[in-house]
Amino acid sequence: MSRARRPLALGVLSALSGVALLAVSGWLIVRAAERPPVLALLTAIVVVRALGLVRALARYGERLTGHDLALRELARERVAWYRRLARRIGAAGVPGAADLLTRFTSDVDALQDRVLRVRLPLGVAAIAAPATALAAALLLPSAGVAMALGLALAGVGAPAAVHALARRAVADQAPARASLAARLHEALELGPELALRGAGTAHARELRRAAARLDGGERRIARAAAIGQALATGAAGGTLLAVLALGTAATARGELAPVALGALVLLAVGAFEVVRPLPEAALRRVAVERAVHRLSRVVDGPPLLADAATDADAARPATRSLPAGPAALSARGIVHRPGGPGTPVVLDGIDLDVMPGERIALIGPSGGGKSTLASILARLADPDAGEVRLGGVPLRDAAVADVRSRIRLAGQDAHLLAGTLAANLRIGAPDADEPAMAAALRSVGLGTWLDALPAGLGTLVGEDGVAVSGGQRQRIGVARALLSPAPLLILDEPTAMLDAATADALLDDVLAATEGRTLVVVTHDNDRLAPFERVLALRDGRLRSAAGGRDAGSGPQPPSRPARGAGRRVAPLSRTR
Amino acid sequence: MTRGRPRWADGGSGAGRASRHSGLGIRADGPAAGGPREVHRRLLALAGGRVRAGLVVAVACGGLGAAALVVQAWVVADAVAGAVDGRTVGTGALLVLAAVVVGRALLAAALELVARASAASAMRRLRERLADRALAGRAEALDGARRGEVVTAAVHGVDALADYYARAVPALALAAAVPAGMVVAIGWRLPLVGALLAVTLPVVVVFMVLVGRRSAAHARERRTALAVLGSHFLEVVRGLPTLRAHGRDGAQAPALERVADRYRDESLAALRVAFLSALVLELLAMLGTAIAAAVVGVLLAEGRADLSAGLFVLLLAPEVYAPLRDAGQRFHAAEDGAQAARRLLAALDAPGPLRTDGPSLDDEVGPVGGSERAPDPSRAPLRSEGAGVRGGDGRPDALAPVDLTVEPGRSLALVGPSGSGKSTLLALLARLRDPDVGGVRCGDLPLTAIAPEDWWTRVSWLAQRPRLPSGRLGDALGGPAGSDGEARLLRAMRRVAILDLVADLPGGLDLRLEPDDRRLSAGQLQRLALAGALASRAPLLLLDEPTAHLDPDAAARARDAIMAAAEGRTLVVATHDRELAARCDRVLPLADADARSCAADRTRATLEPAR
């Protein structure tokens, strides 16, 4: 039997033996009252015991195989949703921040109820309830009809009512939920800063309003659940009443043997155990459906990067591999709206050539799109228009893995995963050995910090690990990129959050450590441009060459007058618009 | 928050083994705010009278339901016995049964309604308490990830609590009363069977407690395994942007599968035993019922009992044990449900940044340290008297004790390397937190004696990495459209030359910010927030790195605007910007943490005039 069917079969077996147990006991008691020889009862007694044993053992098996199946399903769901999120992360509307991703995982985890608390009880009831009604019909057809009607009301009508009512209530709750989550989030993040801005009272009022609206929704759900319980319990009682009336009348007329009446009445008592979990299962189903709805809304859509290596799209040309040796990176006509269609154009016609081994600084006003450009050059995002090529091969046509092995970006939001420092560094290079990792840390100015750590590279970092400051976290991110085998590194604000002396040392060390590799450094730090061969300024969505070194303090040159006279630091730029 | 949370080192424990494969450590939730019983006790205390009354009603519904069951069994047994004797059921009996049926349906609905409403009320109280605390500066500063967990628990925790209130509490209360009541009812009709069941009942209960303890341990183990799996998944998802940048995102999917497989095996091994104890209980209950049935059979066969009594006992015998079995199962299920509440209680328990005087954690949020009216910092000097903030956990102090006086209406620049405590000192002056040692005074009043809400009206603050609350942009920075605040904001924006920036935003000041709004870059936020801070009329300006992230032109304009805004006000600014520091009346260098540890134990502010 397949793994998925086993819990269902065992559940049906357990449910039916429970019902049969009661029916045979009813028969047994009435038969006993007829004072037969004791031997006549023995078979029934043995059957009752056997049914009890079967019920208990099947129940045990059902729970065990059910949990096994549920855990398998959960693992499958997690991997599947992870893959879907991985295809979309970075796209507009997909949460990128750690705290918002928490919500994503909590929705995936909500799916674990689906097997054990929705599908299994439904499946068991779908088989066991008709079987019970059939058994009743064999004893007395009219009682069978009554049972079928009662079971239908308790097992289909009540859950359907709960589902319909609760689904509407939960859907209506969605705005209140979102508002409460956002407000609470802000209260926890900004806390007294809100009060300091004079917004504390208004914020508290909004929070209470959202909480009250959510509470109203909860009460509607409570009413739905109560209606479900009333219907299910009422159906069970009503059926018992009907079966009792029909059965006793039939017995009085002599149409139903007294022993069969005993069996029938107890059958009616036991049958509704099978459908009892269904109203609750309907509620669970609503929760699961909402979770799937939210998840789909987050991850539905085309993959952020069309990957020729993994997409089975016949229209796409076959994957091209990137050239093995040193290669120039060139961008042509890059136009991009990072916020998605309808949002402002941040990159508006970027042309850029990076020669192998070059050291380039990318400066510009904050919010000007430097980080966006960096992520496009590293192909963490595809531009809306334009093309980036490495050694003449468009990055779009290469496998994503191939691009990562050539170009590596250390972003501003380096995340430390819970685990050892070594495991975190190996994200950059899975095979890195300890000396290499220690060297990379020294290159980013974390040598003394590493030496002071009691467990060295084995020190736990991340949520429960040692405290790591924002600047240190950022530098660990740079170290990851340094460890990587990529010949072209893009570092986004490596010196942010550092004081002047540390920033100087970091830049020198990183430049030394990347000797022979191509380096593009995104920085707002105009005092530290001297070591770069070229300085480019991104302003109003376009790139211009700017004076390097200390001259840059006076600001980037206007586009009409490229600073050709500033020596080797400034190279002319091809511009198309 | 990390207290009581096991750390999963590489190697060693099961989780450690998982981490070697995934390359990541994983953690599980420990009893951060006590065991489930403790969690629910506190929840009840916090939830207030209505919720407690609701639970009493829920239990009463359960008790009445059990009584109705006895009546139902009686009527059914009589009717069947009568039919066997050739009598038809009387209308009276059918009416009684109908009444019982309706009553049971109503009781079941009432139980569900009351219990769920109680859960919702408790959760609402918890949410509001948490929000009040956060807004009053009494919630622990949480990092992004943990904040996400707390918010998720607060928004989605009701279902789990409803399980507890609607099932576990009534089941536990009923387990104590119903079995004995059923035995009495049975004993009334057939004393011999009643006596027999009365003897088996304590045996079953004792056995149940013994087995229950064992299965509780296994249930805990399973929960831990599930929590470990859940947090591993959470960690991988949170790290996804970073993993993706290094091309390691694909490698995590098989790792997730491997970890899940391992934990499934471990979890099932625990469950095999945990469910075994449930099996034993079920078999014991069956044995008890079977003995009762056998005795009834013998009594019937010997003619010492009538069929009606026999059927009545047969119908009720399983109900003797059912509440016990139910309670055990429901209780473990409810322990799972305690998780969300525990997370929220832990967030409530954690010490906040402001000192609290008196009110215990479960009380209403009272005034936080002090109720005095705030003096005007543009008239009274602001003094730090050895105020410092400890680092905790053996880390260097976040701020070594500082003595300094800021004269009213003057400007002071805090300079020094990152990590020297500039931001922390500003936060102390703003009273976004209270110092661990020493104190801050305005005039003669310690800040801790002043009502924070009042002090905050005196302060204009720019954070190092400003974040704006969601809602209308103009409201967040200045005030509602057309207000004085907005007029001042527009003037300030002109000074820092960001009117263009605002004009480019969709809707300008009417732009509605969403949570996690990525339409504004960090630099844009910085400049908007600076304009907002300068537009404030508060007499004390506290600015943290106002010119960082700005290009030279913008920085020069920002400096001018800051100095203009500081006229007639007190300004304290933390900055790496030498030009800005040079324009302040005084400069206070703060030494970095490493230098402090070997130098003097206290930074003496030698307030050298900068020019």
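Residue-level analysis places A:Ala263 among those that are assigned to a helix (DSSP H, G or I) and more than 30 Å from A:His163 (Cα to Cα).
Scanning region A:217-230 for residues that are farther than 15 Å from A:Ala178 by Cα and more than 8 Å from every other protein chain (Cβ to nearest Cβ) yields A:Arg220, A:Ala224.
Considering each of A:Thr239, A:Thr201, A:Thr251 in turn, give the residue that is without any contact (Cβ under 8 Å) to a residue 12 or more places away in the chain and either crowded, with 21+ Cβ neighbours inside 10 Å or in the same structural domain as A:Arg285 (by TED's automatic domain parsing) (or both). Spell out the reasoning first.
Numbers: A:Thr239 fails: without any contact (Cβ under 8 Å) to a residue 12 or more places away in the chain; A:Thr201 fails: either crowded, with 21+ Cβ neighbours inside 10 Å or in the same structural domain as A:Arg285 (by TED's automatic domain parsing) (or both).
Checking each option against the conditions leaves just A:Thr251.
Please verify whether A:Ala232 is buried (at least 23 other Cβ atoms within 10 Å of the Cβ) and either of a type outside the set (S, T, N, Q) or in contact (Cβ under 8 Å) with a residue 12 or more places away in the chain (or both), treating the condition exactly as stated. When the stated conditions are applied, A:Ala232 passes them. Taking the conditions exactly as written (at the interface with chain B (Cβ under 7 Å from one of its Cβ atoms) and surrounded by fewer than 20 Cβ atoms within 10 Å (Cβ to Cβ)), does A:Arg177 satisfy them or not? For A:Arg177, the condition - at the interface with chain B (Cβ under 7 Å from one of its Cβ atoms) and surrounded by fewer than 20 Cβ atoms within 10 Å (Cβ to Cβ) - is met. Evaluation of B:Pro435 against the conditions (1) in a strand (DSSP E or B); (2) away from every other protein chain (no Cβ under 14 Å) shows that the sole unmet condition is (1).
Among the residues of region B:95-110, which ones are in contact (Cβ under 8 Å) with a residue 12 or more places away in the chain and closer than 13 Å to A:Ala242 by Cα? Full working, then the answer.
Residues of region B:95-110 in contact (Cβ under 8 Å) with a residue 12 or more places away in the chain: B:96-97, B:100-101, B:103-104, B:107-108, B:110.
B:Leu97, B:Val101 - these are the residues of region B:95-110 that are in contact (Cβ under 8 Å) with a residue 12 or more places away in the chain and closer than 13 Å to A:Ala242 by Cα.
Being facing chain B (nearest Cβ under 8 Å) and either at pLDDT below 90 or within 30 Å of B:Val296 (Cβ to Cβ) (or both) is a description that does not apply to A:Ala15. Hey, among the residues in region A:41-65 that are more than 10 Å from chain B (Cβ to nearest Cβ) and more than 15 Å from A:Val19 (Cα to Cα), which one's modelled with the lowest pLDDT? For region A:41-65, the residue satisfying everything is A:Leu42. For region B:205-237, a tally of residues being at pLDDT 80 or above, of a type in the set (A, V, I, L, M) and buried (at least 21 other Cβ atoms within 10 Å of the Cβ) returns 3. Beta carbons closer than 8 Å, at least 6 apart along the sequence or on distinct chains, pair a first residue in region B:436-464 that is within 14 Å of B:Leu426 (Cα to Cα) with a second that is hydroxyl-bearing (Ser, Thr, Tyr) and outside any strand (DSSP E or B) for B:Gly439/B:Thr448; B:Ser460/B:Ser536; B:Gln464/B:Ser423.
Filtering B:Arg431, B:Arg465 for residues that are charged (D, E, K, R), on the phi > 0 side of the Ramachandran plot and within 31 Å of the chain's Cα centre (by Cα) leaves a single hit, B:Arg431.
Residue by residue, here is whether (1) on the phi > 0 side of the Ramachandran plot; (2) within 13 Å of another protein chain (Cβ to nearest Cβ); (3) of a type outside the set (A, V, I, L, M, F, W, C) holds:
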{"position": "A:Gly93", "(1), (2), (3)": "yes, yes, yes"}
{"position": "A:Leu100", "(1), (2), (3)": "no, yes, no"}
{"position": "A:Thr105", "(1), (2), (3)": "no, yes, yes"}
{"position": "A:Leu111", "(1), (2), (3)": "no, yes, no"}
{"position": "A:Arg117", "(1), (2), (3)": "no, yes, yes"}
{"position": "A:Ala126", "(1), (2), (3)": "no, no, no"}
{"position": "A:Ala129", "(1), (2), (3)": "no, no, no"}
{"position": "A:Gly144", "(1), (2), (3)": "no, no, yes"}
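Among the conditions (1) buried (at least 23 other Cβ atoms within 10 Å of the Cβ); (2) more than 9 Å from every other protein chain (Cβ to nearest Cβ); (3) within 18 Å of A:Val24 (Cα to Cα), the only one that B:Gly297 does not satisfy is (2).
The values are calculated or read from the model by the stated rules, or taken from the named source; none is laboratory data. Nothing here was measured: the structure is a model prediction, and the numbers come from that model. Cβ sites come from the backbone with ideal geometry, for glycine too, and all protein chains shown count toward neighbours.
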